[in-house]
Amino acid sequence: MTYGGPTCRHREFCALCASRDLETVLRLAPTPPGNALLRETGSLQACYPLDLARCRACGHIQLLDIVNRIDVLGRPAAADQASPQRMATAEGFARALARRLALPRESLVVDIGSNDGTFLKVFEDSGMRVQGIEAAVNVAGDAIRGGIATHPGLFSPAIAERIEDSRGRAALVVAHQALAEAEDPFAVLEGVRILLRRDGVFAFSVDALAAVVERGRVDRIDHRSLSYHTVAPLKRFLAACDLELFAVQRVGDRLNGLAQRLGGRHAADGSVEHSIAAEADAGLEDGGAFPPFAARVAHLIAVTSAKVVAARNADARIAAVGAGCGATTWLGQLGAAAAAISFLADDAAERQNHFSPAFDLPIRPLADLMSERPDLILIFDPDEAEGVCSRVVPLIQAGAQVITPGGGVAAGAL
């Protein structure tokens, strides 16, 4: 049952090609918006579907139930600088682009989804002019206070025109998750074309669907991200918007790409066709990968739920690490078993002293794991597993079990 909350609409056509020939490939339990943290317990929240659909026409994977973008994307976000991993990812992507493109000093670099400006600071330190656009007001404010020019709000063609009028056209436009989070990806690329110089480059970074499928990454599926990308549909979509995809690279669980206006000066490096072939071999193009993916997700959910229930029945104390969107997705899949979790541990200050959208679990500092000494620790984001385990070594030595449903650590990965 749902209660109030942000508006949601159901889309009946593909976000990239507008085909109505869609099939559901994964059904997850509905959840509230993953970042809709509560200040007090007992609030009734709406739950919305988290079902992935595949377009039979172009192969694109997407959520069709779209929670209001401003409500979801405008909520407080974790700053890149608050996480060594996120900071390293942002700075690494920026340095890789700077090396490859060798932009002249004073070139304008625009970042859509610029967070606290960590990515743009790399270019500013190299003599570039920079401009950010960020929907989450808290991290946009951090960027502004740090001296990074930032427009707080959702990116749109109107915002692009305003930036182009005041700052000129950009040699590089970057989209961090914008192609995954946008309700209308065509509007995003319309804004990109407004901003981009004739010889400019559009760079993007999104979660790679291949990684989600390979690892059963339930935590990557949430209401913020509407699109889960592979290369072939992206290439066709960009071409429909007069942009040529000339390079892609899989970096961990991320898919990074470079595009230019049709007929641009950058030669294709072969990576696009190589990636398309690899994704076809993995069954991502014809849909063959999705039945085993759905089966693996169901297995991970069942096994994790069973471990939590067994721990509860043994009167064990249970804690979980992470209070972001992925944690909400996992709590929703655990269902009634999630009520056995005592608290969520998270280092992000803006999440602490709140309660989770699902099951009203208190969110406390990660250091509280050592004082509370849980017998079972769930780590919802496997990328955080190694770092968390290094901080709770005494607990593990004393017999605490650590499990990561998506894999990533030897101390109990499923």
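The values are calculated or read from the model by the stated rules, or taken from the named source; none is laboratory data. Since the model is a prediction, treat every value here as computed from it, not as a measurement. Neighbour counts run over all protein chains shown; Cβ positions are idealised from the backbone, glycine included.
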Given (1) surrounded by 15 or more Cβ atoms within 10 Å (Cβ to Cβ); (2) closer than 20 Å to residue 183 by Cβ, residue 24 misses just (1)
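Residues checked against (1) buried (at least 18 other Cβ atoms within 10 Å of the Cβ); (2) closer than 30 Å to residue 296 by Cα:
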site	(1), (2)
15	yes, yes
20	no, yes
29	no, yes
43	no, no
89	yes, yes
95	no, no
119	yes, no
If we take the stretch 121-193, then helices (runs of 4 or more DSSP H) inside it with 2 or more residues that are within 27 Å of residue 67 (Cβ to Cβ) and at pLDDT below 95 are 137-145
Residue 314 vs (1) surrounded by 15 or more Cβ atoms within 10 Å (Cβ to Cβ); (2) farther than 26 Å from residue 85 by Cβ: all pass except (1)
*Do we find a residue being under 30 Å from residue 239 (Cβ atoms) and out of contact with any Cys (no Cβ under 9 Å at 6 or more places or on another chain) anywhere in the stretch 29-45?*
no
For residue 379, the lone unmet condition from (1) among the hydrophobic types (A, V, I, L, M, F, W, C); (2) over 16 Å from residue 403 (Cβ atoms); (3) in contact with a Cys (Cβ under 9 Å, 6 or more places away or on another chain) is (2)
Quick check, is residue 133 touching a residue at least 12 places away in the same chain (Cβ under 8 Å), among the aliphatic types (A, V, I, L, M) and out of contact with any Ser or Thr (no Cβ under 9 Å at 6 or more places or on another chain)? no
With the first residue restricted to the stretch 303-326 and required to be touching a residue at least 40 places away in the same chain (Cβ under 8 Å), and the second required to be of a type in the set (Phe, Trp, Tyr) and in a loop (DSSP other than H, G, I, E, B), Cβ contacts under 7 Å at 6 or more apart or on different chains are 320/380; 321/380; 322/380; 326/380
Restricting attention to the stretch 97-113, the residues that are surrounded by 17 or more Cβ atoms within 10 Å (Cβ to Cβ) and either outside any helix (DSSP H, G or I) or among the hydroxyl-bearing types (Ser, Thr, Tyr) (or both) number exactly 8
Those residues of the stretch 342-379 that are basic (Lys, Arg) and buried (at least 16 other Cβ atoms within 10 Å of the Cβ) come to a total of 2
When restricted to 69, 54, 39, the only residue in contact (Cβ under 8 Å) with a residue 60 or more places away in the chain and within 17 Å of the chain's Cα centre (by Cα) is 69
Note on residue 397: of the conditions (1) touching a residue at least 40 places away in the same chain (Cβ under 8 Å); (2) surrounded by fewer than 17 Cβ atoms within 10 Å (Cβ to Cβ); (3) not aromatic (Phe, Trp, Tyr), unmet is (1)
Inside the stretch 348-389, the number of residues satisfying the requirement of being of a type in the set (Ser, Thr, Tyr), more than 17 Å from residue 34 (Cα to Cα) and in a loop (DSSP other than H, G, I, E, B) is 0
Margin query: Based on this model, can you work out whether residue 72 counts as under 20 Å from residue 358 (Cα atoms) and either in a loop (DSSP other than H, G, I, E, B) or among the aliphatic types (A, V, I, L, M) (or both)?
Written below: yes
Across (1) surrounded by fewer than 24 Cβ atoms within 10 Å (Cβ to Cβ); (2) assigned to a helix (DSSP H, G or I); (3) not hydroxyl-bearing (Ser, Thr, Tyr), residue 244 clears everything bar (2)
Sole miss for residue 303 among (1) within 26 Å of residue 101 (Cβ to Cβ); (2) surrounded by fewer than 20 Cβ atoms within 10 Å (Cβ to Cβ); (3) among the β-branched types (Val, Ile, Thr) is condition (1)
Residue 220 passes all but one of the listed conditions (1) of a type outside the set (Gly, Ala, Ser); (2) surrounded by 23 or more Cβ atoms within 10 Å (Cβ to Cβ); (3) under 24 Å from residue 65 (Cα atoms); the exception is number (2)
Residues of the stretch 222-270 being in contact with a Ser or Thr (Cβ under 6 Å, 6 or more places away or on another chain) and among the β-branched types (Val, Ile, Thr), in sequence order, are 231, 248
Within the stretch 126-177, of all residues that are under 17 Å from residue 190 (Cβ atoms) and among the β-branched types (Val, Ile, Thr), the one surrounded by the fewest Cβ atoms within 10 Å (Cβ to Cβ) is 159
Filtering the stretch 317-341 down to residues that are in a loop (DSSP other than H, G, I, E, B), more than 23 Å from the chain's Cα centre (by Cα) and surrounded by 20 or more Cβ atoms within 10 Å (Cβ to Cβ) yields 341
